[in-house]
Amino acid sequence: MNFGMVSKSLGILLICEAIAMVPTLIVAILYKGSDILAFVYTILIIFTSGLLIASVKPKSKNIYARDGFAIVAIGWVLISFFGSLPFVFSGVIPSFVDSFFEASSGFTTTGASILTEIEGLPKGILFWRSFTHWVGGMGVLVMTLAILPSLGAGSLQIMKAESPGPNPGKLVPKVGHTAKILYGIYLLITIIEVIALKIAGMSLYDALIHTFGTVGTGGFSNKNLSVGAYNNTSYEIIITFFMLVCGTNFALYYQALKGNIKEIFKDQEFKFYVRMVFIAITLITLNIYGSVFENLSEALRRSSFQVASIITTTGYATADFNQWPVFSKIILLSLMFFGGCAGSTGGSIKHIRILLFYRAMKRQLLKIIHPGAVYTVKFNGKSIDEDALMDILSFLFMYIFVLLIAVIIISLDGKDMMTSISAVVATIGNIGPGFGMVGPVGNYAAFSHMSKMVLSLCMIIGRLEIYPILLLTIPSFWKKVNI
């Protein structure tokens, strides 16, 4: 373990977080909010802490795989810790545990909240709350690599540890350039959505808030009733479209910008993703038409938005799907495990893992029927090696294992089964709303401090896709000898 480079990287990360908080301070000043000093104090604390931590001089500049995982795991805990300070200093959320929960939910793009009243809060606090989605969506450390690509060969190790989905790689030879390309595409999509919502009639402030939540697939709104508060079809269509766009692998957009538009429609994960969205919307529309909504177009409108919101793990709501028939709720619960595509800002298991797991399962059945035959699992025309398949199976096992342990701990609070289970599913999948008390019109305020810390950890574990946080618990991980 190269502790010197780990320390330096974490220091740089905190400096970047302090810089990222400056736009929020400007918003607080423009609206003359009571939260101005809260952001001033926080920026000074984070920037000073970052300088002190980054001042450590490493003996070697090499960053190994373990170092990358450590930087990512510790880094996300640190940014959530420091990112919670404005909530505490402003008095909006006096409890540090609640503030940490809110900040973790923001940076991990989960969108779960303990706040019961949102619309009366200072504008700067609401802006920061949503801006954390935008910063965390593409990855705080990917942003750091784009701004300060000074970590040399170790940059790829950090990117691998943080990037959502299996087998992240470089779009171009230099990792720093790759990070800039990803953030360039991310920023372009952000600008387009803000303009679209502004043209549709939404105020600039509200357009920014909901764009941050959409593009980062987070889900924090400045309205108590989320997007449903507007009851505006145009807003819903725009947000639905961009949720689905940001649930797609961003590498495909890079190919499209290079002129390879056909690559998007050749990608098997993308085609699987589109099919799942279409099937879910159709089934839920038919199920709620007549029983919940008398008008077919209204049923389609509500179904489309909620399916897009859940499958991309965004978490916005335009209807209380807690009141929908059990069939529709089971479909939405199932979609919580799918998430977006690899390389998207969406969370959960990812479509590529589900697809490859299905193909591996099919292969095993065929081998039972024909023991002497040789079957290979393919993706986009390429054979997937056994190590990659084993990684996927291991990930799925660890995902379910962490989920079950968390559910058992959460159950000590005595909440009903649907609330307890869906709360963990929604936090580890970075979705936000679940069912029962944590449904689209509910929140997580009623949980104990212990449960909130467990759920906060679930958010970070889910955002980092299990491995980085679990690796910290293994003693041999901290040995100084690098392999």
Is it the case that some residue within the range 25-40 is assigned to a helix (DSSP H, G or I), within 22 Å of the chain's Cα centre (by Cα) and either at pLDDT 95 or above or surrounded by 23 or more Cβ atoms within 10 Å (Cβ to Cβ) (or both)? no
Asn380: passes all of (1) touching a residue at least 40 places away in the same chain (Cβ under 8 Å); (2) surrounded by 24 or more Cβ atoms within 10 Å (Cβ to Cβ) but (2)
Here are the criteria: (1) within 21 Å of Ile45 (Cβ to Cβ); (2) surrounded by fewer than 23 Cβ atoms within 10 Å (Cβ to Cβ); (3) more than 21 Å from the chain's Cα centre (by Cα). Tell me which single one Ile118 does not satisfy. (1)
Residue under question is Phe435, and the condition is that it be within 18 Å of Ser99 (Cα to Cα), buried (at least 16 other Cβ atoms within 10 Å of the Cβ), over 18 Å from the mean Cα position of the chain (by Cα) and not small (Gly, Ala, Ser); does it hold? no
Is it true that Leu283 is of a type outside the set (Phe, Trp, Tyr) and surrounded by fewer than 20 Cβ atoms within 10 Å (Cβ to Cβ)? yes
Consider only pairs whose beta carbons are under 9 Å apart and that are at least six residues apart or on different chains; among these, list those whose first residue lies in the range 75-96 and is on the phi > 0 side of the Ramachandran plot and whose second residue is of a type in the set (A, V, I, L, M). Gly91/Ala38
When only residues in the range 53-95 that are of a type in the set (Val, Ile, Thr) and not in a loop (DSSP other than H, G, I, E, B) count, which is nearest to Ile12 (Cα to Cα)? Ile53
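Which members of the range 284-323 meet the condition of being of a type in the set (D, E, K, R) and touching a helix residue (DSSP H, G or I) at 6+ places or on another chain (Cβ under 8 Å)?
Within the range 284-323, the first condition is being of a type in the set (D, E, K, R), and the residues that meet it are 294, 298, 301-302, 320.
Matches in the range 284-323: Arg301, Arg302.
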Scan the range 298-317 and give yes if some residue there is assigned to a helix (DSSP H, G or I), basic (Lys, Arg) and either modelled with pLDDT of 95 or more or surrounded by 22 or more Cβ atoms within 10 Å (Cβ to Cβ) (or both), otherwise no. yes
Enumerate the helices (runs of 4 or more DSSP H) found wholly within the range 370-483, keeping only those where 1 or more residues are modelled with pLDDT of 90 or more and not aliphatic (A, V, I, L, M). 386-410, 417-428, 449-463
Test Val56 against the criterion of being modelled with pLDDT under 95, among the hydrophobic types (A, V, I, L, M, F, W, C) and over 15 Å from Gly106 (Cβ atoms), and give yes or no. yes
Qualifying positions in the range 1-24 - surrounded by fewer than 19 Cβ atoms within 10 Å (Cβ to Cβ) and not in a helix (DSSP H, G or I): Met1
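Would you please name the residue that is modelled with the highest pLDDT, looking only at residues in the range 253-270 that are polar (S, T, N, Q) and surrounded by 14 or more Cβ atoms within 10 Å (Cβ to Cβ)? Steps first, answer last, please.
Looking only at the range 253-270, we keep the residues that are polar (S, T, N, Q), and these are 255, 260, 268.
So of that shortlist, the ones also surrounded by 14 or more Cβ atoms within 10 Å (Cβ to Cβ) come out as 255, 268.
Working: Gln255: 86, Gln268: 93.
My answer is Gln268.
Report yes if some residue within the range 86-96 is of a type in the set (S, T, N, Q) and under 30 Å from Met437 (Cβ atoms); otherwise report no. Please lay out each step first, then the result.
To start, the set of residues in the range 86-96 that are of a type in the set (S, T, N, Q) comprises 90, 95.
Adding the requirement that they be under 30 Å from Met437 (Cβ atoms) leaves 90, 95.
For the range 86-96, residues of a type in the set (S, T, N, Q) and under 30 Å from Met437 (Cβ atoms): present.
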Would you pick out the residues in the range 41-50 that are surrounded by 21 or more Cβ atoms within 10 Å (Cβ to Cβ) and in contact with a Phe, Trp or Tyr (Cβ under 8 Å, 6 or more places away or on another chain)? Thr42, Ile46
Being within 17 Å of the chain's Cα centre (by Cα) and among the polar types (S, T, N, Q) narrows it down to one of Thr419, Thr473, Thr427, so name that one. Thr427
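Could you list, in sequence order, all residues of the range 337-350 that are surrounded by fewer than 24 Cβ atoms within 10 Å (Cβ to Cβ) and either in a helix (DSSP H, G or I) or in contact with a strand residue (DSSP E or B) (Cβ under 9 Å, 6 or more places away or on another chain) (or both)? Show your work before the answer.
Pass one, the range 337-350, residues surrounded by fewer than 24 Cβ atoms within 10 Å (Cβ to Cβ): 337, 342, 349.
Answer for the range 337-350, where residues must be surrounded by fewer than 24 Cβ atoms within 10 Å (Cβ to Cβ) and either in a helix (DSSP H, G or I) or in contact with a strand residue (DSSP E or B) (Cβ under 9 Å, 6 or more places away or on another chain) (or both): just Phe337.
Checking the conditions here, which among Met417, Met437, Met450 is without any contact (Cβ under 8 Å) to a residue 60 or more places away in the chain, in contact with a Leu (Cβ under 9 Å, 6 or more places away or on another chain) and either within 29 Å of Val215 (Cα to Cα) or not hydroxyl-bearing (Ser, Thr, Tyr) (or both)?
Details: Met417 fails: in contact with a Leu (Cβ under 9 Å, 6 or more places away or on another chain); Met437 fails: in contact with a Leu (Cβ under 9 Å, 6 or more places away or on another chain).
Residue meeting the stated conditions: Met450.
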Which members of the range 413-443 meet the condition of being within 11 Å of Gly111 (Cα to Cα) and in contact with a Lys or Arg (Cβ under 8 Å, 6 or more places away or on another chain)? Asn430
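Quick one: which of Phe241, Phe212 is within 18 Å of Ser344 (Cβ to Cβ), in contact with a Gly (Cβ under 9 Å, 6 or more places away or on another chain), assigned to a helix (DSSP H, G or I) and not charged (D, E, K, R)?
Numbers: Phe241 fails: in contact with a Gly (Cβ under 9 Å, 6 or more places away or on another chain).
The match here is Phe212.
Taking the range 1-24 as the search range and keeping residues that are of a type outside the set (A, V, I, L, M) and farther than 22 Å from Lys59 by Cβ, which one is modelled with the lowest pLDDT? Step through it out loud before you land on a result.
Going through the range 1-24, the residues of a type outside the set (A, V, I, L, M) turn out to be 2-4, 7-9, 11, 16-17, 23-24.
Among the residues that remain, those that are also farther than 22 Å from Lys59 by Cβ are: 16-17, 23-24.
Working: Cys16: 89, Glu17: 93, Pro23: 96, Thr24: 97.
Ranking the candidates gives Cys16 first.
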With respect to Asp416, determine if the residue is over 27 Å from Gly216 (Cβ atoms), among the charged types (D, E, K, R), loosely packed, with under 13 Cβ neighbours inside 10 Å and touching a Gly at 6+ places or on another chain (Cβ under 7 Å). yes
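Could you check the range 282-314 and list, in sequence order, the residues that are more than 17 Å from Pro433 (Cα to Cα), touching a residue at least 40 places away in the same chain (Cβ under 8 Å) and either in contact with a Cys (Cβ under 9 Å, 6 or more places away or on another chain) or of a type outside the set (Lys, Arg) (or both)? Break it down into steps so the answer makes sense when it comes.
Initially, the range 282-314 is screened for residues more than 17 Å from Pro433 (Cα to Cα), giving 282-301.
The next check asks that each one be touching a residue at least 40 places away in the same chain (Cβ under 8 Å); those that pass are 283-284, 287-288, 301.
Those that are more than 17 Å from Pro433 (Cα to Cα), touching a residue at least 40 places away in the same chain (Cβ under 8 Å) and either in contact with a Cys (Cβ under 9 Å, 6 or more places away or on another chain) or of a type outside the set (Lys, Arg) (or both): Leu283, Ile284, Asn287, Ile288.
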Kindly state which helices (runs of 4 or more DSSP H) lie completely within the range 96-188 and contain at least 2 residues that are at pLDDT 95 or above, over 25 Å from Ile466 (Cα atoms) and among the aromatic types (Phe, Trp, Tyr). 123-138
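The values are calculated or read from the model by the stated rules, or taken from the named source; none is laboratory data. None of the values given here were measured: they were computed from a predicted structure. Note that each Cβ is placed from the backbone with ideal geometry, even for glycine, and that neighbours are counted across all protein chains shown.
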